[in-house]
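Below you'll find the structure I mean.
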Amino acid sequence: MKCDGYICRINPGQYEGVTQSKVDKLLNDLVKAGVKGMSSAEAMQKMGAKDALVKIKDLQCGLSCTAAYYDMKELETGFSKTMATGDTRVLKQNRGSQGEGIWVCKLAEGEQKKISNGVCPPDVMLDLQEAVDNHKETKTLGEFMKFCQKYLDGENGQLVDQKFLPRIVEGEIRVLMIGDTPIELVHKKPAAGGISATMGSGAKYVKYPPNDKRFEALMSKFKSDLPKLMDALELKGKPLPLVWTTDFILGPKDEAGNDTYFVGEFNCSCVGITQQLSRAMEVGMAAVKACGGEPLAVLKEQPKEPFGKIHVLECEGGSDKSKNGHRLDTIPICNALIEL
């Protein structure tokens, strides 16, 4: 494939015979050949994996108590200790995107007395709730550990363990990004009594502009973390993805009574903009820039009910023109007029 870059719009698992490993091989081969990946297989794996939450735990947007488990020994040893703190925990599998395999875990009433030397025994009873549909179960710790074996098996098996943030019932805030530019915020509020923010579970979605005053603190801290994000994710020197999202969960209020926010997950694998098609030009311009090109200024759509009309006069040709045939400042001036 002879090109400067690629934009990956493949969603593995949706097409017969198209597996993640096949897509990864194709994308890795392109990157090795010098093609700019948007996004690269490495970026999709490292940002999409749940253990990304461990890697960012020391950023402002991360939870410092986050741990990851990659085999049963690590899981049984680590989880029995974090549950012994008495905190309600969230155990998240690496696969799935609709809340399946994401469990809210707390000690059943009266079970704290079984804790010994900072460790929960296998017979301690747990109250569990799965985010996919908000259903509840009760299992012993030992039973739950055996049940979770399936989340560790197979390709990219892992589990991430975090302190539960009870304000999840107030919803998640999704930040939709084009490169380093936020373009939209979406408040995803669960159905009454639930914790899942997926549409399938009945959650309601409300959109806000990225500069909405209600989320000023969130965006300020997130923007300060952006220059450090790719290094923290072990993607040093790599650009931010072309189109990607970050989901934030509300944390406890700080000493001044302000909201705090922590990342619940990243996604840069075939993120859709079907509800933001008006921003498609920005995506294209960001892609050209990522490949080392200089995006040409494009005239915005004319207002439907203009209150006046101004003509801009230019001469054809001349050494003062850019590649689009206009002076460099002509289109920006026209767009400023359109936006007034």
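Please treat every number below as a calculation from the coordinates, not as lab data. Note that the coordinates shown come from a computational prediction; the quantities given were computed from them, not determined experimentally. We place every Cβ from the backbone using ideal geometry, glycine too, and count neighbours over all the protein chains shown.
Sticking with the crude label model, points 7 Å out along Cα→Cβ, report the distance from K113 to C270 in nm, one decimal please.
5.3 nm
Now for a separate question. Using the per-residue mean of other Cβ atoms lying within 10 Å as a proxy for protection, in what order, highest first, do the peptides 202-209, 56-63 fall?
56-63, 202-209
Follow-up. Once the Cα atoms of helix 330-339 and of the chain are each reduced to a long axis, what angle between those two axes, in degrees from 0 to 90 to the nearest 10, is obtained?
Helix 330-339 sits roughly 60 degrees off the main axis of the chain.
Sorting check: for 106-119, 321-334, which peptide has the highest mean count of neighbouring beta carbons within 10 Å, and how do the rest follow?
Going by the mean number of other Cβ atoms within 10 Å, highest first, we get 321-334, 106-119.
Work out the length of the dipole vector of segment 93-193 about its Cα centre, built from +1 on the beta-carbon of each Lys and Arg and -1 on the beta-carbon of each Asp and Glu, and round it to the nearest 20 debye. Before the final figure, lay out the partial values.
Numbers: 13 positive and 16 negative charges, 44 e Å.
I would put it at about 200 debye.
Let me ask another. Could you give the alpha-carbon Rg of segment 215-340 over 2.2 N^0.38 Å, rounded to two decimals?
Taking the Cα Rg and dividing by 2.2 N^0.38 Å, one obtains 1.47.
Round to a whole angstrom and tell me the spacing of the C-alpha centers of segment 136-151 and segment 198-251.
32 Å
Quick one: of K32/K289; K136/K163; K73/K189, which pairs are farther than 27 Å apart, Cα to Cα?
Long pairs (Cα-Cα over 27 Å): K73/K189.
Translational D (Stokes-Einstein, µm²/s) of segment 243-305 at 10 °C and 1.306 mPa s when Rh comes from the Kirkwood sum over C-alpha pairs?
104 µm²/s
Report the convex hull volume per residue for segment 72-125, counting only C-alpha atoms, in Å³.
Cα convex hull per residue, to the nearest whole number: 84 Å³.
How large is the helix-only mean residue ellipticity at 222 nm for the chain, computed as the sum of -39500 (n - 2.57) over DSSP H runs with n ≥ 4, divided by its residue count, in deg cm²/dmol to the nearest 500?
Only helices count here, giving -7500 deg cm²/dmol.
Using every pair of alpha-carbon atoms in the chain, split the distances into 20 Å bins beginning at 0 and state the percent of pairs per bin, rounded to integers.
26, 51, 19, 4, 0
Applying a 10 Å radius around every beta-carbon, put 48-55, 33-40, 186-193 in order of their mean neighbour count, most first.
Top to bottom by mean Cβ count within 10 Å: 48-55, 33-40, 186-193.
Additional query: In whole Å, how far is the Cα centre of segment 252-284 from that of segment 83-135?
Result: 28 Å between the Cα centres.
Also, I was wondering about something else. Roughly how many whole Å is it from the C-alpha centroid of segment 29-45 to that of segment 300-317?
41 Å
Run the numbers on segment 1-157 and let me know its relative contact order in percent, using alpha-carbon pairs under 8 Å that are six or more apart.
Details: 200 pairs, mean separation 24.0, N = 157.
Value for segment 1-157: 15 percent.
For N324 and K25, calculate 0.36 nm times their separation in residues minus their Cα-Cα distance, and state this gained length in nm to one decimal. Write down the numbers at each step before the final one.
Numbers: separation 299, 0.36 × 299 = 107.64 nm, distance 3.73 nm.
103.9 nm is the gain from fully extending N324 to K25.
Right, here's the next one. Starting from the coordinates of the alpha-carbon atoms of segment 181-261, obtain the Kirkwood hydrodynamic radius over all distinct pairs and give the value in Å to one decimal.
14.7 Å
I need the semi-axes of the equivalent ellipsoid of segment 50-189: take the C-alpha gyration tensor, multiply each eigenvalue by 5, square-root it, list largest first in whole angstrom.
Semi-axes, largest first: 28, 17, 15 Å.
Under unit Cβ charges (Lys, Arg +1; Asp, Glu -1), what dipole magnitude, rounded to 20 debye, does the chain have relative to its Cα centre?
So the magnitude is around 200 debye.
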